[in-house]
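Notes follow once the structure below has been shown.
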Amino acid sequence: MGAKAGRKSGWRGEIDRIRAVAPDRRLAFIWDYYKLWIIGITALLAFSVWFAVHFASTKGENWFFACFANTRAEIGDGSEFWQSYADYAGYDLNEKNLVFVDECFVDPDKLITGSQYYKLLIAYLDSGTLDVLVMEPERLRKIGEGGRLMDLENEKMAAVAERYADRLIWCEPKEEEEYGKERVPVGIDLSGSLLTGTYGAYEEGAALGVNALAPHPEEVEVFLRYVLGESGQGMVLWEDL
C-alpha cells in the first residue's frame, strides 16, 4: 500500500506542479520538462500501431515468408519478383500467403536495439514467423553469431547444405551453447543470383540464412533454385519466365 500511495502522490505532485504554472505557459512548461517522456511514449505507440497493422496484413497461413534486409529494390509483396516466384513455386495465393518484406534496415555492427526495424526483425525471427533472411554476407554472419539462424548441417537442412557446399557461409557463435559447436554454417552465398543481378537488390553481394524457428524449411531449397537460376521437377529456369 505504501509503494502504491507513493506512486499516486508522485503523479499528483507532477499534476500540481503543472497546475501552478500560468495557463498560457503550461504547454511550453510540459514540453520543456517532459519532452523525453513524450517522445518515448509517442515512438512506442507509433511502433505498436505500425507493427500491429503490418502483422495483421500478414496474418494467416503462409506458403513462405522472406525478409530482404538493407535493400532499396522493390522486391516485396506485389512486386514483379514476388509474383514471378509465386508462379515458379506453383503457389495458389488464394489458398495461402506468400510474404516478401523489403523494408527492413539493420546493421549488426551498429545496432540500435530500440530501432523499429531491429524490433521488427527480432519479432519475425523469435515468433517463428520468418522462414529466411537475406542480407549482406558479413551482416548475416553477425546475426548467425547470436544463434538466431539455423545450423545448415542439421537434419532439416543437411541436403541443402550438401547441395550448396561451395556457397556456405560460416560463423563462430558468440556462445558455443547456441549451436553446440565452435563453427557453424549459417548462410548460403547468393552471388550470381537474381537478387545480385537482374533485380539489383544487392549489388555488393547477398546471402541467405534460415530462421532457427522457420515454419517452412522445406521451401528453402525451392527458393534457392529460383534465385540461383536452377530448374527442378515442374519448374523452369528464371531466364525463361
Rounded to whole Hz and in sequence order, give me ³J(HN,Hα) for segment 68-84 from the Karplus expression 6.51 cos²θ - 1.76 cosθ + 1.60, θ = phi - 60°, writing x for Gly and Pro. 9, 8, 6, 10, 9, 6, 8, 10, x, 3, x, 6, 4, 4, 4, 5, 4
Amide H contacts of F64 (H built 1.01 Å from N, under 5 Å, at least 5 apart or other chain): V99
Enumerate the aspartates and glutamates that K35 could reach by cross-link, defined here as Cα to Cα under 15 Å, with residues fewer than 8 away along the same chain left out. E14
Just subtract the alpha-carbon distance of E103 and I38 from 0.36 nm times their residue separation and send over the number in nm, one decimal. 20.8 nm
Please list, ordered by chain and number, the residues whose modelled amide H lies under 5 Å from the amide H of A206; skip anything fewer than 5 residues away on the same chain. L190, S191
quick shape note, segment 61-240: Cα extents on principal axes in Å, largest first -> 44, 35, 33
Evaluate the relative contact order of segment 93-166 (contact order divided by residue number), counting alpha-carbon pairs under 8 angstrom at least 6 apart; express in whole percent. 21 percent
Given K142/K181; K96/K142; K156/K181, which pairs have Cα atoms separated by over 26 Å? K96/K142
Once amide hydrogens are built 1.01 Å from N within the peptide plane, the residues lying 5 or more places from M150 or on another chain with amide H under 5 Å from its amide H are V210, N211, A212
Efficiency by 1/(1 + (r/R0)^6): what FRET value for R25 and K119, r their Cβ-Cβ distance, R0 = 25 Å, to the nearest 0.05? 0.10
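What ranking do M157, M135 get, fewest neighbouring Cβ atoms within 10 angstrom at the top? Write out the running numbers ahead of the final one.
On the way: M157 22, M135 28.
Lowest count first: M157, M135.
Just so you know, all these numbers are worked out from the coordinates, no wet-lab data involved. All values derive from a computational prediction rather than experimental measurement. Because the Cβ atoms are built from the backbone with ideal geometry, glycine has one as well, and the counts that use them run over all protein chains shown.
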